[in-house]
Amino acid sequence: MNKQDAAVFETKITFPIVNRQKPRVYDRVALLKLMYLSREGDRREGILHRQSKGWFQVAGMGHEPLAVIAMQMEAGDYLFPYYRDRAMVLAKGVPNSDLASAYFAKAGSSSGGRQMPAHYSDRARNIWSVPTPTGSNCLPGCGVAWSMQLADRPNVVVATIGDAATRQGEFFEAISFAIERKLPIIFVVEDNNYGISTNTDRFNPFKLGVFNDDIVTHIDARQPDNLGTAITPIMEKARRGDGPTIIVAQLDRICSHTCSDDQRVYRSPAEIAATKERDPIETYSQQLIDAGQLSADQWQQIKTDIDHQVDQDYLAAEGETDPQGHTLMDHLLAGAPPAKMPPLEGGKDWRMVDALNCVFRKRLKSDADTIFFGEDIESPKGGVFGMTNDLSSEFPNRVFNSPLAEATIAGVGIGMASVGLNPVFEMQFVDFVGPAMNQISQNLGTLRWRSNGKWKCPMVLYAPYGAYLPGGSLWHSQANESMFVHLPGMRVVVPSTPEDAAALMWTAMHADDPTIFLIPKHLLRKKMPVPQTVPAVGFQSAKTRRSGSDVTVVTWGNGVEIALAVAEAIEGAASVEVIDLRTVQPWDRGTVATSVEKTGRLVVLQEDGQSCSVGQMIISAMVNNETSFYHFVSPPQLVSKPDIHIGYNPIIEYAALPGSAELTAAIELTMEQ
């Protein structure tokens, strides 16, 4: 990255320069205090839960030595923890009172009561919001580490994961990506031998010899100083740019998995007793006493003081204000960005693919924090449809080929967006979104809401979409917008013209929230006239493509072409108003309602399958709206693909897809009633 680009990065990403003359040396007594503070907090929450004060608890008993890792982190480093990392979070500077507030799910807690206890988050301290699906923090962690690398900052990401979750495919993708790009990230595998009740010895990839030992460090982490000694050179390696390390930290979980579990069901008394004999707090405190760094009386006083502190923290937290139901919708999305006129020359014919390429180029020129990433998007290919043609030649440090790994595309983008970059990432076909759905559903759309607005995710994830292009078969022809519409916290866009594609993409690239941008392949290379002045288009802004008085046809994407053709063909028999929805989530209810109140008839045309679809949503909303309902003179109709796959032979493909005949029949039916 050149100096000019790096300067722009500095304005948006908070990765302070590390200026140390020598590595940190941790205070062993301070570490012991943190460990005991973590333990006492867990113990107190367990008591409160048994008293029916609180709804859930997950403890980190036995994992406390990991605090020493956080003690070695700098201000600009990021922690991507999971739910057994209470001690690490305390070591990163989070007050115990905050964790008490989170236990009681109070309004002032890190999530405002939206997350379970132990789902830590602290934007000011660079502690990323914990998602419950274990392992789904690793790819976003890679995204932040890559951002550090692009910004030329000597900072580090620490991402933790339980040993059972190391069989998740996303963990392997994260490790591969980190090695590929030599990212400054440390993965900490907290190996306590259990995934809830299942012993992981025969599942653990590190015990199966799957990983190259060159990047793996095995540590008996029951002894905190083992970790303390090992972590310094590992941190320095990452800061030097020498790539990732996996620490496999052997620990004991000396408690049940959660308050809903009882480890006595699946662990023998002898095994449970052995873990307690190895209790790291007991053994470490005795080591410090034996070494003369601490007296028995001092240790007793420390415990007494911490017990009192925890007492006060939880008593105070219990009396804090609860969240209010009327705040439920707060922080789902930021306010929609004002629509800006896209930098697209009007008064000429454009293809959608070229219009998108144009605004991509303008965005890269105007914003050095914009990053493109996707399969085959670099030159000479420029993507399978050419949407990024030549961009990597002009912007080699900001347009990158991704591996064939959709979860990596989504997860890395989520991490980058959460620290201030503007990722515009390509999915080669929306049909291949399956591996990325964990990241999309669990992180992309939830990050702002679950952190009560403290984190955000301004990412554009775009993909070619839809059929009406013979030869695509099952996995190159899907129109599946309803799948994304069902997920709160993101906008879903389907344009139908080059100018709308350019304008909506321009709006999406300036938004503060994630956008799923679906591009109809059938229309990508169709030349269409673009008006002299290319208008700005905001979200939730439908367009009336044709005015009419008898029937309202609502559609989007490929359906617009069909609807306009049918409206013209039956002009003498019915006056059809065609509304192009453009944004299907959120959708423009006002424009649709106004049209229905004028015509009294509604037909929705969609390419997606019928069940649980956007078309059904629109009809339901109009029928359930008292004002609109009393204007209907006939029942609304849905013209849709049946709940069936798209076949390879064009005869089979077009048998599944809604077309002119089906739309015409639906319009005629509404006119008869």
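List of remarks:
- Candidates Ala317, Ala368, Ala355, filtered to the one that is closer than 27 Å to Val419 by Cα and either touching a helix residue (DSSP H, G or I) at 6+ places or on another chain (Cβ under 8 Å) or of a type in the set (Ser, Thr, Tyr) (or both): Ala368
- Residue among Trp587, Trp556 that is under 30 Å from His486 (Cβ atoms) and either in contact with a Phe, Trp or Tyr (Cβ under 8 Å, 6 or more places away or on another chain) or surrounded by fewer than 24 Cβ atoms within 10 Å (Cβ to Cβ) (or both): Trp587
- Flag if Pro117 is outside any helix (DSSP H, G or I), in contact with a helix residue (DSSP H, G or I) (Cβ under 7 Å, 6 or more places away or on another chain) and closer than 24 Å to Ile254 by Cβ: yes
- Evaluated against (1) within 30 Å of Ser285 (Cα to Cα); (2) out of contact with any Phe, Trp or Tyr (no Cβ under 6 Å at 6 or more places or on another chain); (3) touching a residue at least 24 places away in the same chain (Cβ under 8 Å), Ala102 falls short on exactly one condition, (3).
- Some residue of segment 419-442 being part of a loop (DSSP other than H, G, I, E, B), at pLDDT 95 or above and in contact with a Ser or Thr (Cβ under 6 Å, 6 or more places away or on another chain): yes
- Meets criteria (surrounded by fewer than 22 Cβ atoms within 10 Å (Cβ to Cβ), at pLDDT 95 or above and part of a loop (DSSP other than H, G, I, E, B)) for Asp242: yes
- For Glu320, the conditions (1) within 30 Å of Ser109 (Cβ to Cβ); (2) at pLDDT 95 or above; (3) under 27 Å from the mean Cα position of the chain (by Cα) are fulfilled apart from (3).
- Restricting segment 600-627 to residues that are outside any loop (DSSP other than H, G, I, E, B) and more than 20 Å from Val485 (Cβ to Cβ), the residue that is modelled with the highest pLDDT is Thr627.
- Filter pass, Ala336 being hydrophobic (A, V, I, L, M, F, W, C) and modelled with pLDDT under 95: yes
- For first residues located in segment 587-599 and at pLDDT 95 or above and assigned to a helix (DSSP H, G or I), partners that are surrounded by fewer than 23 Cβ atoms within 10 Å (Cβ to Cβ) and of a type in the set (S, T, N, Q) and lie 6+ apart or on another chain with Cβ distances below 6 Å form the pairs Ala593/Ser628; Val596/Ser628.
- Within segment 306-345, tally of residues that are within 30 Å of Leu32 (Cα to Cα), part of a loop (DSSP other than H, G, I, E, B) and of a type outside the set (Gly, Ala, Ser): 1
- Residues of segment 73-86 include at least one that is under 19 Å from His257 (Cα atoms) and out of contact with any strand residue (DSSP E or B) (no Cβ under 8 Å at 6 or more places or on another chain).
- Residue that is farthest from Gly466 (Cα to Cα), among those in segment 638-656 that are touching a strand residue (DSSP E or B) at 6+ places or on another chain (Cβ under 6 Å) and outside any helix (DSSP H, G or I): Leu638
- Tally of residues being outside any strand (DSSP E or B), out of contact with any Lys or Arg (no Cβ under 7 Å at 6 or more places or on another chain) and surrounded by fewer than 14 Cβ atoms within 10 Å (Cβ to Cβ) across segment 197-222: 8
- The listed residue being in contact (Cβ under 8 Å) with a residue 40 or more places away in the chain, outside the structural domain of Lys106 (by TED's automatic domain parsing) and out of contact with any Gly (no Cβ under 6 Å at 6 or more places or on another chain), out of Gly445, Gly453, Gly386: Gly453
- Taking the criterion of being in a loop (DSSP other than H, G, I, E, B) and within 19 Å of Ser441 (Cβ to Cβ), the residues of segment 120-147 that qualify are Ser121, Trp128, Ser129, Val130, Pro131, Thr132, Pro133, Thr134, Gly135, Ser136, Asn137.
- Among the candidates Gly108, Gly76, residue that is surrounded by fewer than 24 Cβ atoms within 10 Å (Cβ to Cβ) and either in contact with a Phe, Trp or Tyr (Cβ under 8 Å, 6 or more places away or on another chain) or closer than 19 Å to Thr283 by Cβ (or both): Gly76
The values are calculated or read from the model by the stated rules, or taken from the named source; none is laboratory data. What you are looking at is a predicted structure, and each value in this text was computed from that prediction instead of being measured. Here the Cβ is made from the backbone with ideal geometry for all residues, glycine too, and neighbour counts use every protein chain on show.
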